[in-house]
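Following: one structure in structure tokens, then a few remarks.
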Amino acid sequence: MRRIWWILCMGLAAPGWAQTAWLLGELHDQPEHQRQAELIVHELAAQGRLWALVLEMAERGRQTQGLPPEATEAQVRQALAWQDAAWPWAAYGPVVMAAVRAGATVYGGNLPRPRLREAMSQPEWEASVPAAAHRRLLAAVHDGHCGLVSQAQLPALVRMQIARDDALAATVAAAAHGAAPETVVLLLTGAVHASRATGVPLHLPRHAPALRLRTTAFVPEGAMPPEGFDEVRITPAGPFRDHCAELRARGMPAITPPASR
């Protein structure tokens, strides 16, 4: 039986309020998290409340608008310029296709690769989040790279992370344009991106000040619940994969941001 922890803090809306944007924070290597996202898509679609789905897994500017609900998976993948090596379609395809079949537009929200490299040399990104959030991001990026990144490289990676959050926020805001109050724009992304303490919610007020917000984290059984979420859903833990061991085995490549503008 699924267990849910409700965290009554961080601006959780009163029961019964319609939310316009729901941010779903997952761990990318946990199949149960993609399954939970698919279930939410189906539930909202059955209620007639699903307006759009925004994905970290596709680049901003890519979308399925104009495709019919009966579009093939190949057509959807082409519209989103899906990169299977980075984001296995076997894991995310069911979520995407559930939204397409429901008649909702799917949007890529990630910052395109050339813009990611540009962001690494733009220190102004650091000032776009509170100091406490910046400290949390430094720690999250350090841990996410298994401690293999030097202290000198961390600021550039954090700038890239912040720029990605801003792009995701801008995409959510654009996707919500014209949505009825009772409908929902979903964002499926990594937990650090979805957290009110570190991610997209820090940027949404600038892009869409009136947008209502709800954040949900999927957390494997036995793991520490992250901060910055209105709801935490405890899920069965999937197969363990030691990403840090894999990184150490192949070596962390040097990170060289482009010259400052």
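The values are calculated or read from the model by the stated rules, or taken from the named source; none is laboratory data. Please read these numbers as outputs of a predicted model, since none were measured by experiment. No Cβ is skipped: glycine too gets one built from the backbone with ideal geometry, and neighbour counts run over all protein chains shown.
If residue 222 meets every condition in (1) farther than 28 Å from residue 103 by Cα; (2) out of contact with any Lys or Arg (no Cβ under 7 Å at 6 or more places or on another chain); (3) at pLDDT 95 or above apart from one, which number is that one?
So the condition that residue 222 fails would be (3).
Which residues, taken from the stretch 29-39, are under 24 Å from residue 181 (Cα atoms) and either touching a residue at least 60 places away in the same chain (Cβ under 8 Å) or touching a His at 6+ places or on another chain (Cβ under 7 Å) (or both)?
36, 37, 38
Mind listing just one residue for me: the one in the stretch 211-236 that is aliphatic (A, V, I, L, M) and buried (at least 16 other Cβ atoms within 10 Å of the Cβ) and, of those, nearest to residue 173 (Cα to Cα)?
Among those that are aliphatic (A, V, I, L, M) and buried (at least 16 other Cβ atoms within 10 Å of the Cβ), it is 211.
In the stretch 172-198, how many are more than 23 Å from residue 104 (Cα to Cα) and either free of Cβ contacts under 8 Å to residues at least 40 places away in the same chain or touching a strand residue (DSSP E or B) at 6+ places or on another chain (Cβ under 6 Å) (or both)?
Of the residues in that region, 2 qualify.
Restricting the first residue to the stretch 227-250 and requiring it to be on the phi > 0 side of the Ramachandran plot, which pairs with a second residue that is surrounded by 10 or more Cβ atoms within 10 Å (Cβ to Cβ) and modelled with pLDDT of 95 or more meet a Cβ separation below 7 Å and a spacing of at least six or different chains?
Listed pairs, sorted by first residue: 228/195; 228/196; 228/197; 228/198; 228/215.
Among the residues of the stretch 46-76 satisfying the criterion of being closer than 24 Å to residue 182 by Cβ and under 19 Å from the mean Cα position of the chain (by Cα), which is surrounded by the most Cβ atoms within 10 Å (Cβ to Cβ)?
54
Are any residues in the stretch 191-217 in a helix (DSSP H, G or I) and not charged (D, E, K, R), and if so, which ones?
191, 192, 193, 194, 200, 201, 202, 204, 205, 207 - these are the residues of the stretch 191-217 that are in a helix (DSSP H, G or I) and not charged (D, E, K, R).
When you scan the stretch 218-227, how many residues do you find that are in contact with a strand residue (DSSP E or B) (Cβ under 7 Å, 6 or more places away or on another chain) and either in a helix (DSSP H, G or I) or not aromatic (Phe, Trp, Tyr) (or both)?
5
Going by the conditions given, is residue 185 touching a Phe, Trp or Tyr at 6+ places or on another chain (Cβ under 7 Å), within 21 Å of residue 57 (Cβ to Cβ) and not hydroxyl-bearing (Ser, Thr, Tyr)?
So residue 185 passes the test.
Looking at the stretch 86-124, which of its residues are in contact (Cβ under 8 Å) with a residue 40 or more places away in the chain, aliphatic (A, V, I, L, M) and under 29 Å from residue 155 (Cα atoms)?
Passing the criteria: 111, 116, 119, 120.
Can you tell me which residues in the stretch 40-76 are part of a helix (DSSP H, G or I), farther than 25 Å from residue 29 by Cα and without any contact (Cβ under 8 Å) to a residue 24 or more places away in the chain?
If the condition is that a residue be part of a helix (DSSP H, G or I), farther than 25 Å from residue 29 by Cα and without any contact (Cβ under 8 Å) to a residue 24 or more places away in the chain, then 46, 75 are the ones that fit.
Taking the criterion of being among the aliphatic types (A, V, I, L, M), part of a loop (DSSP other than H, G, I, E, B), at pLDDT below 95 and under 15 Å from residue 53 (Cα atoms), would at least one residue in the stretch 232-245 satisfy it?
Looking for residues that are among the aliphatic types (A, V, I, L, M), part of a loop (DSSP other than H, G, I, E, B), at pLDDT below 95 and under 15 Å from residue 53 (Cα atoms), one finds none in the stretch 232-245, hence no.
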